[in-house]
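The values are calculated or read from the model by the stated rules, or taken from the named source; none is laboratory data. These numbers were taken from a predicted model, which means no experiment stands behind them. Here Cβ is always computed from backbone atoms with ideal geometry, including for glycine, and neighbour counts include all displayed protein chains.
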């Protein structure tokens, strides 16, 4: 199974973190992000690049999760060296082992999972491995569930050189390296739903006689709506959306009421539409995870078993109860997966739904998901805007991976522009050396020397830098070279083989390439990559987004389709905001000033349009999906990307397209974190010129709280004349 970009980045960061000074690594990754896939690829990559390592993966629960994780690694990583506890007990630990062990099997709890003689034997296997020079890296899966004295004692036996704690909700640990997979990246990849919608169409106040009938009616109606929508997907989808009902503990009476009410809706155990997953009762659970399984409702009382994966779970009904937030978020995670690992380009199917009167739970979810959870209501397009249309550009249907050939060309151009390189490789070496590159047939390691009298930053800065050298050993440093090349490939989202080809073509005299930068022999290439890893990584990052390399690229196979403003959309807002003003300038009826998610620049821009007498109307564009307005551009490696400008605005009948970006601080520093802004600006300018429209980039200057627009030549300096006061132009 191939990795998507954010997963490749995470694997790279895990590899890098193995070399920092912190012993512990916190790997925070949302449920549904492919945590096991990322970790198994990391384990494989690290093992190829290092000697004497053994991974021990500790899983929670009452069994089976360790077997699931092992099976996944066997599936994703061919010829992987995986073991379960019985394999360890029979054969011990060997270099490059990946051992999957359940806590229940090794923590003494009087459950006889491992007898005293076996426990002693297990410890002997650990000692024997250590005597043989092996080092352990411990991965603690779902680390929030096993953070006890007994578990710590077990970990201590391994004397791990590194420990990786993984969870969607990890506890904080001081002196630990945090690697966090961002929720927005997982959403952008289509693996989890875009949004959690809380209590859709509840309004500001709800009076009900029974929470059971009210909540279940809402859930069943939504299930039917989703089912019809899946059937209308092209090609038709077989997904049968599932409702998860979570009851309080010790609530047999409530459970009985729920079952009886569902029976009045013809949802019963007997006809197979109702399933239950409780400690003492399990029914209709066979193949419930299948996309087209028959049950449409499953009743649970506690968080569904760790490792349970049912991507068709779409709706959660949460009856009142008080439990910990970590416990609850695990349940929310079960309804966030996309059933077919893709978005359907419709808010209805790309969202998941929560219905509850439990305010504490609702606030806990909002606190945890932040921008991923808001109240929602359906808004309808005003009649006068239903005929409006623009030409929207869409990517080709065939997914295109990053192009190694374009990456190679971009690297050559980058070195030419930044360092002045040419085909004269002897001169190139002098230029690179002058700019900080190291050339040696030895491996150079950096350390510091000096005296520290006080633990201050300044005293550490005063330490002298020392270069330690050691002869190149192709056996020892061959693995380090492999590791470094793999890490560089991460920056380009390229596999090791393609990244290695780029390195060899650019720097290895034994590989033919017309625009070679250096001519090094094989041993020198090893040393060059290892000694200059940080410099190479910086130059690759700059080459990726430089607008100087490819200001505009020809766009092959771009599809042009008419864009019509969607007649309805799911509007999310902050219910607790004291200001709930209706913005009449918006194309949708009932659009509120408390709209979320919005950046500071977006909120200020929407308010500006509402108060401006020259603005006819404003439309807030979506950020993903064929139903929204998009423009296509290429990155420097030939990969198509979709750009969704934030707003379409009408002023005096003339259409403007506006993209808002992070503002400028009071001191004039840029807060725009989008490295592709210059490219997006150029492609927007191309589109505006082609279709005879107006527009530009809008940013807020916090030194005066005014909005400024850039329309001609992009500049990241607010003092530039390219930035003009918005009110003088729009």
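Give the residues of region 147-178 that are modelled with pLDDT of 90 or more and either crowded, with 21+ Cβ neighbours inside 10 Å or on the phi > 0 side of the Ramachandran plot (or both), sorted by residue number.
159, 162, 163, 164, 165 - these are the residues of region 147-178 that are modelled with pLDDT of 90 or more and either crowded, with 21+ Cβ neighbours inside 10 Å or on the phi > 0 side of the Ramachandran plot (or both).
Confirm whether residue 491 is surrounded by 13 or more Cβ atoms within 10 Å (Cβ to Cβ), at pLDDT below 80 and either over 34 Å from the mean Cα position of the chain (by Cα) or assigned to a helix (DSSP H, G or I) (or both).
When the stated conditions are applied, residue 491 passes them.
Consider residue 229 against the criteria (1) out of contact with any helix residue (DSSP H, G or I) (no Cβ under 9 Å at 6 or more places or on another chain); (2) in a loop (DSSP other than H, G, I, E, B); (3) under 17 Å from residue 218 (Cβ atoms): it satisfies all of them except one. Which criterion is unmet?
Unmet for residue 229, out of (1) out of contact with any helix residue (DSSP H, G or I) (no Cβ under 9 Å at 6 or more places or on another chain); (2) in a loop (DSSP other than H, G, I, E, B); (3) under 17 Å from residue 218 (Cβ atoms): (2).
Considering only region 589-613, how many residues are under 19 Å from residue 673 (Cβ atoms) and assigned to a loop (DSSP other than H, G, I, E, B)? Outline the logic, then answer.
If we filter region 589-613 for residues that are under 19 Å from residue 673 (Cβ atoms), which is where we start, we get 597-605.
Keeping just the survivors that are assigned to a loop (DSSP other than H, G, I, E, B) gives 597-599.
Final tally of qualifying residues: 3.
Modelled with pLDDT of 90 or more and either more than 30 Å from residue 484 (Cα to Cα) or surrounded by 14 or more Cβ atoms within 10 Å (Cβ to Cβ) (or both): does that describe residue 98?
Working: modelled with pLDDT of 90 or more: yes; either more than 30 Å from residue 484 (Cα to Cα) or surrounded by 14 or more Cβ atoms within 10 Å (Cβ to Cβ) (or both): yes.
It is true that residue 98 is modelled with pLDDT of 90 or more and either more than 30 Å from residue 484 (Cα to Cα) or surrounded by 14 or more Cβ atoms within 10 Å (Cβ to Cβ) (or both).
In region 282-310, what residues are at pLDDT 90 or above and under 21 Å from residue 218 (Cα atoms)?
Selection gives 294, 295, 296, 297, 298, 299.
Suppose we filter 690, 651 for residues that are under 19 Å from residue 561 (Cα atoms) and at pLDDT 85 or above; which single one remains? I'd like the intermediate steps shown before the answer.
Details: 651 fails: under 19 Å from residue 561 (Cα atoms).
Only one candidate passes the filter, namely 690.
Do we have residue 338 as closer than 25 Å to residue 198 by Cα, at pLDDT below 90 and buried (at least 21 other Cβ atoms within 10 Å of the Cβ) here? First the steps, then the outcome.
On the way: closer than 25 Å to residue 198 by Cα: yes; at pLDDT below 90: no; buried (at least 21 other Cβ atoms within 10 Å of the Cβ): yes.
When the stated conditions are applied, residue 338 does not pass them.
Please go through region 17-36 and give me each residue that is over 26 Å from residue 195 (Cα atoms) and not in a strand (DSSP E or B), ordered by number.
Of the residues in region 17-36, the ones over 26 Å from residue 195 (Cα atoms) are 17-25.
Those that are over 26 Å from residue 195 (Cα atoms) and not in a strand (DSSP E or B): 17, 18, 19, 20, 21, 22, 23.
May I ask you to verify whether residue 679 is farther than 20 Å from residue 728 by Cβ and buried (at least 21 other Cβ atoms within 10 Å of the Cβ)? Show your work before the answer.
Values: farther than 20 Å from residue 728 by Cβ: yes; buried (at least 21 other Cβ atoms within 10 Å of the Cβ): yes.
Yes, satisfied.
Scan (1) in contact with a strand residue (DSSP E or B) (Cβ under 7 Å, 6 or more places away or on another chain); (2) in a loop (DSSP other than H, G, I, E, B) for the single condition residue 683 breaks and write down its number.
Answer for residue 683: the failing condition is (2).
Given the criteria in the same structural domain as residue 651 (by TED's automatic domain parsing) and touching a helix residue (DSSP H, G or I) at 6+ places or on another chain (Cβ under 9 Å), does residue 620 qualify?
On the way: in the same structural domain as residue 651 (by TED's automatic domain parsing): yes; touching a helix residue (DSSP H, G or I) at 6+ places or on another chain (Cβ under 9 Å): yes.
Answer is yes for this residue.
If I go through region 409-434 residue by residue, how many of them are touching a helix residue (DSSP H, G or I) at 6+ places or on another chain (Cβ under 8 Å), farther than 18 Å from residue 535 by Cβ and either part of a helix (DSSP H, G or I) or in contact (Cβ under 8 Å) with a residue 60 or more places away in the chain (or both)? Lay out the reasoning, then the answer.
Applying the first criterion (touching a helix residue (DSSP H, G or I) at 6+ places or on another chain (Cβ under 8 Å)) to region 409-434 yields 410-415, 418-422, 428, 431-432.
Going one step further and asking which of them are farther than 18 Å from residue 535 by Cβ, we end up with 422.
Among the residues that remain, those that are also either part of a helix (DSSP H, G or I) or in contact (Cβ under 8 Å) with a residue 60 or more places away in the chain (or both) are: none.
Residues that pass the stated criteria total 0.
Checking the structure you have, find out if any residue of region 580-594 is surrounded by fewer than 17 Cβ atoms within 10 Å (Cβ to Cβ), over 30 Å from residue 198 (Cβ atoms) and either touching a residue at least 40 places away in the same chain (Cβ under 8 Å) or under 32 Å from the mean Cα position of the chain (by Cα) (or both).
No, every residue in region 580-594 fails to be surrounded by fewer than 17 Cβ atoms within 10 Å (Cβ to Cβ), over 30 Å from residue 198 (Cβ atoms) and either touching a residue at least 40 places away in the same chain (Cβ under 8 Å) or under 32 Å from the mean Cα position of the chain (by Cα) (or both).
Among (1) within 19 Å of residue 415 (Cα to Cα); (2) at pLDDT 90 or above; (3) assigned to a helix (DSSP H, G or I), there is one condition residue 517 misses while meeting the rest; what is its number?
(3)
Name the one entry in 14, 39 that is surrounded by 19 or more Cβ atoms within 10 Å (Cβ to Cβ), in contact (Cβ under 8 Å) with a residue 12 or more places away in the chain and either assigned to a loop (DSSP other than H, G, I, E, B) or out of contact with any helix residue (DSSP H, G or I) (no Cβ under 6 Å at 6 or more places or on another chain) (or both).
Details: 14 fails: either assigned to a loop (DSSP other than H, G, I, E, B) or out of contact with any helix residue (DSSP H, G or I) (no Cβ under 6 Å at 6 or more places or on another chain) (or both).
Testing whether each residue is surrounded by 19 or more Cβ atoms within 10 Å (Cβ to Cβ), in contact (Cβ under 8 Å) with a residue 12 or more places away in the chain and either assigned to a loop (DSSP other than H, G, I, E, B) or out of contact with any helix residue (DSSP H, G or I) (no Cβ under 6 Å at 6 or more places or on another chain) (or both) leaves just 39.
Given the criterion within 35 Å of the chain's Cα centre (by Cα), in the same structural domain as residue 158 (by TED's automatic domain parsing) and modelled with pLDDT under 85, identify the matching residue among 60, 108. Break it down into steps so the answer makes sense when it comes.
Working: 108 fails: within 35 Å of the chain's Cα centre (by Cα).
When all the criteria are applied, what remains is 60.
Based on this model, can you work out whether residue 238 counts as over 19 Å from residue 379 (Cβ atoms), touching a helix residue (DSSP H, G or I) at 6+ places or on another chain (Cβ under 6 Å) and assigned by TED's automatic domain parsing to the domain that holds residue 345? Spell out the reasoning first.
Working: over 19 Å from residue 379 (Cβ atoms): yes; touching a helix residue (DSSP H, G or I) at 6+ places or on another chain (Cβ under 6 Å): no; assigned by TED's automatic domain parsing to the domain that holds residue 345: yes.
Taking the combined requirement at face value, the residue does not satisfy it.
Return the residues of region 126-141 that are over 37 Å from the mean Cα position of the chain (by Cα) and touching a residue at least 24 places away in the same chain (Cβ under 8 Å); say none if nothing qualifies. Step through it out loud before you land on a result.
So in region 126-141, the residues over 37 Å from the mean Cα position of the chain (by Cα) come out as 127-128, 131-132.
Hit for region 126-141 is 128, nothing else.
Looking for something outside the structural domain of residue 535 (by TED's automatic domain parsing), at pLDDT below 90 and under 30 Å from residue 4 (Cα atoms) - is there at least one such residue anywhere in region 410-429? Quick ask: steps written out before the conclusion?
Kept after step one, since they are outside the structural domain of residue 535 (by TED's automatic domain parsing), are these residues of region 410-429: none.
Looking for residues that are outside the structural domain of residue 535 (by TED's automatic domain parsing), at pLDDT below 90 and under 30 Å from residue 4 (Cα atoms), one finds none in region 410-429, hence no.
Which residues, taken from region 591-614, are more than 27 Å from residue 184 (Cα to Cα) and touching a strand residue (DSSP E or B) at 6+ places or on another chain (Cβ under 9 Å)? If you could, list the steps in order and put the result at the bottom.
The initial filter retains those residues of region 591-614 that are more than 27 Å from residue 184 (Cα to Cα), namely 608-614.
Within region 591-614, 608, 609, 610, 612, 614 qualify.
Output yes when any residue across region 77-85 is assigned to a helix (DSSP H, G or I), at pLDDT 90 or above and surrounded by fewer than 19 Cβ atoms within 10 Å (Cβ to Cβ), and no when none is.
Filtering region 77-85 down to residues assigned to a helix (DSSP H, G or I) leaves 85.
From what's left, at pLDDT 90 or above: 85.
Filter once more, so that each one left must be surrounded by fewer than 19 Cβ atoms within 10 Å (Cβ to Cβ): 85.
Among the residues of region 77-85, at least one is assigned to a helix (DSSP H, G or I), at pLDDT 90 or above and surrounded by fewer than 19 Cβ atoms within 10 Å (Cβ to Cβ), which makes the answer yes.
Quick one: how many residues across region 435-457 are surrounded by 10 or more Cβ atoms within 10 Å (Cβ to Cβ) and either part of a loop (DSSP other than H, G, I, E, B) or at pLDDT 85 or above (or both)?
Taking region 435-457 as the starting set, the residues that turn out to be surrounded by 10 or more Cβ atoms within 10 Å (Cβ to Cβ) are 435-445, 447-448, 450, 452, 456.
Narrowing the set further to residues that are either part of a loop (DSSP other than H, G, I, E, B) or at pLDDT 85 or above (or both) leaves 435-441, 450, 452, 456.
Counting residues in region 435-457 that are surrounded by 10 or more Cβ atoms within 10 Å (Cβ to Cβ) and either part of a loop (DSSP other than H, G, I, E, B) or at pLDDT 85 or above (or both) gives 10.
Which members of region 124-146 meet the condition of being at pLDDT 85 or above and surrounded by 14 or more Cβ atoms within 10 Å (Cβ to Cβ)? Full working, then the answer.
Initially, region 124-146 is screened for residues at pLDDT 85 or above, giving 124-141.
Correct list: 125, 126, 129, 130, 134, 135, 136, 137, 138, 139, 140, 141.
Among the residues of region 686-708, how many are in contact (Cβ under 8 Å) with a residue 24 or more places away in the chain and either outside the structural domain of residue 632 (by TED's automatic domain parsing) or surrounded by 18 or more Cβ atoms within 10 Å (Cβ to Cβ) (or both)?
Summing the residues that are in contact (Cβ under 8 Å) with a residue 24 or more places away in the chain and either outside the structural domain of residue 632 (by TED's automatic domain parsing) or surrounded by 18 or more Cβ atoms within 10 Å (Cβ to Cβ) (or both) in region 686-708 gives 10.
When residue 260 is evaluated against the numbered criteria (1) within 26 Å of residue 361 (Cβ to Cβ); (2) exposed (fewer than 14 other Cβ atoms within 10 Å of the Cβ); (3) at pLDDT 90 or above; (4) within 34 Å of the chain's Cα centre (by Cα), which criterion, by number, is the only one it fails?
Looking at each condition in turn, residue 260 falls short on (4).
Residues in region 193-209: is at least one farther than 24 Å from residue 576 by Cβ and in contact (Cβ under 8 Å) with a residue 40 or more places away in the chain?
Within region 193-209, the first condition is being farther than 24 Å from residue 576 by Cβ, and the residues that meet it are 209.
The next check asks that each one be in contact (Cβ under 8 Å) with a residue 40 or more places away in the chain; those that pass are none.
Checking region 193-209: not a single residue is farther than 24 Å from residue 576 by Cβ and in contact (Cβ under 8 Å) with a residue 40 or more places away in the chain.
Out of the residues in region 195-226 that are at negative phi, within 34 Å of the chain's Cα centre (by Cα) and not in a helix (DSSP H, G or I), state the one that is modelled with the lowest pLDDT.
Across region 195-226, the extreme among qualifying residues is 204.
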